[in-house]
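Undergrad: One structure coming up, written as C-alpha cells, with questions to follow.
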C-alpha cells in the first residue's frame with residue numbers, strides 16, 4: 001500500500017502551523033490570520049476578490065476571515081472608490097501595530113524551522129514546494 005502524499009503534506013502543514021500558532025498566540029492571532037493580514041498589508045486598500053486571488057482562497061472564505069479580523073479591530077472594510085459594489089479591506093492602526101509586534105515572532109519561527117531541518121532539507125523543501 002502506498003503512502004498518501006496529501007495526508008503527509010497536511011500533517012506536516014499542521015505541525016509547522018502549530019509552531020507559528022503557538023508563537024503568535026500572545027497577540028491573539030493564528031498563522032492563517034497573520035498571513036491574511038500580510039497579504040492585505042502588501043496591497044491595501046485591496047478588494048476581497050483580489051485578496052482571495054492572492055491567498056488562493058474563494059471570496060466567501062476571505063469574507064468570513066476578514067470579518068473575524070474586523071471584529072478584532074485589526075482591519076477596516078469599506079467600498080471601492082471606483083466601484084461601490086466592490087468590498088475593500090485595509091489594515092486598521094491596531095492591525096499595523098500587531099503586524100509590527102508579530103514580525104519578530106514570525107522570524108523566530110522561521111529560524112527555528114530552518115535550524116531543525118538544516119540547510120540541505122530546507123533547499124529540498126523549497127524545491128519540492130516550487131515544483132507543486
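We did not get these values from a lab; they are worked out from the coordinates using the rules stated. Since we're looking at a predicted model, the values are computed, not measured.
Undergrad: Round to the nearest 10 and give me the degree value, 0 to 90, for the angle of helix 93-131's Cα axis relative to the longest principal axis of the chain.
TA: Roughly 30 degrees between the two axes.
Undergrad: Roughly what angle does helix 31-43 make with the longest principal axis of the chain, taking Cα atoms, 0 to 90 degrees, to the nearest 10?
TA: Rounded to the nearest ten degrees, it is 50.
Undergrad: I need two numbers for the chain: Rg to one decimal and Dmax as a whole number, Cα atoms only, in Å.
TA: 16.9, 56
Undergrad: What's the whole-number percent of alpha carbon pairs in region 56-124 lying beyond 21 angstrom?
TA: 50
Undergrad: Follow-up question, since we're still on this one. Mind checking which of 25, 47, 11 has the largest fluctuation in a GNM of the chain, springs on alpha carbons under 10 Å?
TA: Most flexible of the set in this elastic network: 11.
Undergrad: Which of these, 28, 78, 118, has the largest mean-square fluctuation under a Gaussian network model of the chain (Cα springs below 10 Å)?
TA: Its mean-square fluctuation being the largest, the pick is 118.
Undergrad: Which residue, 103, 120, 73, has the most motion in a Gaussian network model of the chain that connects Cα atoms within less than 10 Å?
TA: 120
Undergrad: How many angstrom separate the Cα center of region 53-132 from the Cα center of region 1-31?
TA: 15
Undergrad: Can you give me the angle between helix 5-24 and the longest principal axis of the chain, using Cα atoms only, in degrees from 0 to 90, rounded to the nearest 10?
TA: Relative to the chain, helix 5-24 is tipped by roughly 60 degrees.
Undergrad: For region 19-80, state what percent of all Cα-Cα pairs lands in each successive 5 Å bin, counting from 0 Å until the bin that includes the largest distance.
TA: 4, 18, 31, 26, 14, 6, 1, 0
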